[in-house]
1. Kindly list the number of the only condition in (1) more than 10 Å from chain A (Cβ to nearest Cβ); (2) surrounded by fewer than 24 Cβ atoms within 10 Å (Cβ to Cβ) that fails for B:G66.
2. From the set of residues in region B:27-40 that are of a type outside the set (V, I, T) and facing chain A (nearest Cβ under 7 Å), which is surrounded by the fewest Cβ atoms within 10 Å (Cβ to Cβ)?
3. Looking at B:E109, is it out of contact with any Leu (no Cβ under 8 Å at 6 or more places or on another chain), of a type in the set (D, E) and more than 8 Å from every other protein chain (Cβ to nearest Cβ)?
4. Which of the residues spanning region B:224-244 are surrounded by fewer than 23 Cβ atoms within 10 Å (Cβ to Cβ), of a type in the set (S, T, N, Q) and part of a helix (DSSP H, G or I)?
5. Please identify the pairs in which a residue from region B:262-274 that is among the basic types (K, R) has its Cβ atom under 9 Å from the Cβ atom of a residue that is assigned to a helix (DSSP H, G or I), counting only partners at least 6 apart or on another chain.
6. Among the residues of region A:219-258, write down those that are surrounded by fewer than 19 Cβ atoms within 10 Å (Cβ to Cβ) and either within 27 Å of the chain's Cα centre (by Cα) or within 10 Å of chain B (Cβ to nearest Cβ) (or both).
Amino acid sequence: MLPEAKVAIRHARQPPRLLRKVNVGDGSYNALLWFFAGFTLVIAGVIILALWGTARPAFREASVFSFIAGSNWDPVQESFGALSFIYGTLVTSAIALILTVPIGVAFAIFLVEMAPSGVRPIVSFPLELLAAIPSVVFGLWGLFVMVPWLRTSLEPFLGQTLGFLPLFRGPPLGMGYLAGGLILAVMILPTVASISIEVLRTVPSSLREAALALGATRWEAIRLASLPYGRTGILGAALLGLGRALGETMAVTMVIGNSPEIHASLFAAGYSLPAVIANEFAEATSAVHTGVLAALALILFGITFLLNSVARLLVRAVTKSQAKSPA
Amino acid sequence: MNRYLQRRLANVVMTCLCAAAVVLALIPLVSLFWLVLSKGAAGLSWSLFTSLPSPVGESGGGVGNGIIGSLFLVGLACVFGLPIGIGTGLFLAERGNGRVGDVVRFITEVLSGVPSIVVGIVAYGLVVVPMHHFSALAGSVALALLMVPTLARATEEMVRLVPSSLREAALALGVPQWKTSLRVILRTALGGIVTAVLLAVSRAAGETAPLLFTSLNNQYWNFRPDQPTSSLTVQIFNYAISPYEDWHQKAWASALVLLLFVSILNLASRFLSRSRLRGA
């Protein structure tokens with residue numbers, strides 16, 4: 001090989017200084033971009049550190065287990081058992097998921113598979129509006145509209161028809177687990193529906209067409225082709241909805257009744273993790289009380305972090321396999 | 001033939017059920033908008049926007065300090081949140097194809113799911129504890145933390161939509177990379193980024209939970225970042241859970257103001273993104 005060629009190859013691999021530093025602007029711009037990316041990573045670290053720092057007095061006082069397992073909550077006596085909050089959060093989120101997942105997925109099926117294309121924007125617009133409503137406005141509506149309706153109509157009706165179940169016994173108070181679950185169901189519907197829509201849109205139309213060509217009706221094509229293809233993604237949508245339901249604060253605080261007890265009846269007043277933080281944090285006077293509430297936030301953070309990671313991976317697994325095709 | 005009819009019937013039934021789900025999903029939305037409009041409109045008055053809250057039983061009074069407080073908080077949050085969010089999005093779109101990009105993208109996705117009340121405690125630990133008192137600054141830090149992940153993801157999406165032929169054309173003309181990125185790519189994506197900013201602002205304006213123990217509340221006007229500040233959302237919460245009828249009335253009226261603000265921002269962003277699509 002000619003010596004000139006060797007030099008040329010070496011220069012192509014690693015350009016000499018003079019050629020490399022074409023522009024000072026490029027270097028600083030590059031550095032700036034990396035700075036921003038680093039900043040976001042730092043934010044993630046800072047979130048965990050700040051939570052941990054605020055929660056530390058609680059961990060000095062007692063073990064995590066003692067306040068997860070105890071059900072007696074009395075800040076004045078420094079007795080911190082968070083079981084009733086965990087129970088309330090789980091029950092309300094479960095009600096929300098049971099109601100929202102079928103409705104949200106049916107909504108998505110209607111929009112993607114059934115609705116004529118002219119109707120689609122009319123149907124999807126309300127979903128965006130619903131997602132935009134602030135949580136405190138949901139709470140206001142829940143408190144003055146939904147709770148009275150529950151007290152006078154739905155709860156007496158459920159008590160009469162399904163009263164043999166312990167879930168639907170007791171006086172119809174209006175405020176309680178059922179109210180919290182219902183308001184959460186409304187609030188996570190946009191999340192579940194819009195991600196299901198996203199998932200169903202990535203189903204290759206060849207699958208649908210194959211089913212239809214074999215003589216399937218439209219519903220059969222959905223059931224046999226679209227839904228199995230999008231199953232993982234829809235599971236992800238449900239998990240993302242669950243993540244939102246677990247952390248939702250204001251609306252639940254306003255309708256759940258705020259009483260730190262555990263009841264089997266869905267009509268009874270309960271409490272949830274975010275609600276107790278919202279109600280007590282600003283007024284907490286002792287370092288231990290603040291610490292325990294921050295520790296509950298840390299638990300909430302851990303659970304939602306895990307849920308969101310899994311959900312994002314599931315949704316990505318479906319939507320990425322259809323690499324970047326315009327939906 | 002009988003079997004065929006059964007299958008057709010199943011098809012019709014399922015279509016009806018799915019349509020019913022759509023109707024069912026719309027009931028709360030319609031009910032909510034209708035009640036906020038009708039109950040809120042009754043309480044609208046000029047003094048709602050200009051006066052300080054009045055004591056129970058006293059007529060008049062408003063949530064002027066809450067409205068100003070909310071705007072102040074969101075504005076301050078934008079000062080912190082917009083550069084970091086948009087910068088991170090730009091990084092993800094321009095340099096984000098490697099390992100680091102994947103990690104940053106994953107972190108922003110997961111951070112966007114962190115409950116807002118948790119972010120409030122983070123801001124409490126970061127700002128309130130060192131300063132020893134509640135402040136508007138703490139509230140806006142919380143709101144900024146909530147804005148960054150959504151902004152970053154939206155910005156990335158918008159920048160990636162810019163056709164690579166534009167970049168290549170600029171580079172071929174000898175424009176340096178940084179100038180191409182800022183003057184060509186970013187400018188082309190600007191409409192989409194403005195849309196994302198409007199949505200982020202509307203979300204931040206509606207947040208209550210992270211403000212409860214960061215910016216707290218204030219009965220008076222406040223324009224200092226180191227003092228507690230009232231906000232429209234916290235006012236609505238306090239009025240709604242109070243036992244007084246005239247405060248409930250104020251809660252509905254304030255909710256109408258908030259809902260209009262949020263809806264207008266959303267409609268504006270929708271309009272912007274649509275006109276951008278038509279232009280492309």
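The values are calculated or read from the model by the stated rules, or taken from the named source; none is laboratory data. Everything quoted here is computed from the prediction, not taken from an experiment. Backbone-built Cβ (ideal geometry, glycine too); neighbour counts: all protein chains shown.
1. Result: B:G66 fails condition (2) only.
2. In the first step, residues of region B:27-40 are kept if they are of a type outside the set (V, I, T); the result is B:28-29, B:31-35, B:37-40.
Pick out the ones that are also facing chain A (nearest Cβ under 7 Å) and you get B:28-29, B:31-32, B:35.
Numbers: B:P28: 22, B:L29: 17, B:S31: 15, B:L32: 23, B:L35: 17.
The extreme case among them is B:S31.
3. Working: out of contact with any Leu (no Cβ under 8 Å at 6 or more places or on another chain): yes; of a type in the set (D, E): yes; more than 8 Å from every other protein chain (Cβ to nearest Cβ): no.
No: the conditions fail for B:E109.
4. B:N238
5. Note: pairs meeting the criteria are B:R270/A:F125; B:R270/A:E128; B:R270/B:T195.
6. Start the filter on region A:219-258 by keeping residues that are surrounded by fewer than 19 Cβ atoms within 10 Å (Cβ to Cβ), which leaves A:220, A:223-224, A:227-228, A:231-232, A:235.
Scanning region A:219-258 gives A:E220, A:R223, A:L227, A:P228, A:R231, A:T232, A:L235.
For (1) out of contact with any helix residue (DSSP H, G or I) (no Cβ under 8 Å at 6 or more places or on another chain); (2) basic (K, R); (3) more than 11 Å from chain A (Cβ to nearest Cβ), each residue gets a yes or a no:
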position: B:A123; (1), (2), (3): no, no, no
position: B:T150; (1), (2), (3): no, no, yes
position: B:A154; (1), (2), (3): no, no, yes
position: B:P163; (1), (2), (3): yes, no, yes
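Rundown of residues vs (1) touching a strand residue (DSSP E or B) at 6+ places or on another chain (Cβ under 7 Å); (2) modelled with pLDDT under 95; (3) within 30 Å of A:M114 (Cα to Cα), yes/no style:
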residue	(1), (2), (3)
B:N2	no, yes, yes
B:V36	no, no, no
B:A42	no, yes, no
B:W46	no, yes, no
B:G60	no, yes, no
B:V63	no, yes, no
